[in-house]
1. Quick one: go through the range 1-16 and flag any residue whose amide nitrogen is under 16 Å from the point 7 Å out along the Cα-to-Cβ line of residue 41.
2. Return the single residue from 116, 232, 184 with maximal mean-square fluctuation; model: Gaussian network over the chain, springs between Cα atoms under 10 Å.
3. Based on the alpha carbon coordinates of the range 60-187, what radius of gyration and maximum Cα-Cα distance (Dmax) apply, in Å?
4. Stokes-Einstein at 37 °C, 0.692 mPa s, Kirkwood radius from Cα pairs: D for the chain in µm² s⁻¹?
5. What is the order of 166, 2, fewest Cβ neighbours within 10 Å to most?
6. Please give the peptides 266-273, 53-60, 167-174 ranked by average Cβ packing (other Cβ atoms within 10 Å per residue), highest first, as a rough proxy for protection.
7. Determine, from the Cβ-Cβ distance of residue 239 and residue 125 and an R0 of 45 Å, the FRET efficiency 1/(1 + (r/R0)^6), rounded to the nearest 0.05.
8. Which peptide among 34-43, 252-261, 64-73 comes first, and what is the full order, when sorted by highest mean count of other Cβ atoms within 10 Å?
């Protein structure tokens, strides 16, 4: 089954108030073409679940976000995401902050249709203080260990970016890290993959080892070809992070940045950032 869709199709699936999971890690392999489309769409009151980077900053600055569920929000080479930091300082965006492993465990629980999974992470830390809704459980076995009961993090929609995909929704990463893109897809009701290039299934299979075929067609509802679609984050080995542009993003006031780069469509953005 051909699952090729457009950026606009995916943005149209997202409704006000939804919980949206975004793959990648910090300022690495983020589905930024879709993030930009959502920012343009004017959606409101979204809950973002993400190992956050500029995906959070762009959507927060665009007024789309009510809450962020995350372990961090960073631009990697720039430690603090400026728009997220500003919103948190002003108290305009809610935050659910977990340990990175807890976020992973919550996605894993949702992927396996479990209400929670036990984990040691969070014990003895302020995570339990700032998240008073979290509960602990005790092992039913002889050890009697107390553990955090990490609740499943279920998503309405997941969006991830990979290096290559076929038209059926099978996708491969070519860089050094899968991050948790497969779990984002498995934890969501609707799942969309953007990629640098759509290739034939035969070419996809031949382009790397089996373990880098991170997502398959049973986990994906739509695939979009978005060349340079992770910009300005990295999508190794296709391209590295655009450090000069990231600095411009971090130091330019939002209205100027938005007018310069986001008021048009994705083709206009790619033309504007071409170097």
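What follows is calculated from the coordinates using simple rules that are stated; it is not laboratory data. If you're wondering where the values come from, they're calculated on a predicted model, not measured in any experiment. Counting neighbours? That spans all protein chains shown, and the Cβs are built from the backbone with ideal geometry, glycine included.
1. So the set is 5-16.
2. 116
3. Cα only, the range 60-187: 17.0, 52 Å (Rg, Dmax).
4. For the chosen part, D equals 173 µm²/s.
5. On the way: 166 22, 2 9.
Starting with the residue having the fewest Cβ neighbours, the order is 2, 166.
6. Numbers: 266-273: 14.5, 53-60: 27.8, 167-174: 21.8.
In decreasing order of mean packing, 266-273, 53-60, 167-174 become 53-60, 167-174, 266-273.
7. 0.75
8. Values: 34-43: 22.0, 252-261: 13.5, 64-73: 20.4.
Most protected by this proxy first, the peptides run 34-43, 64-73, 252-261.
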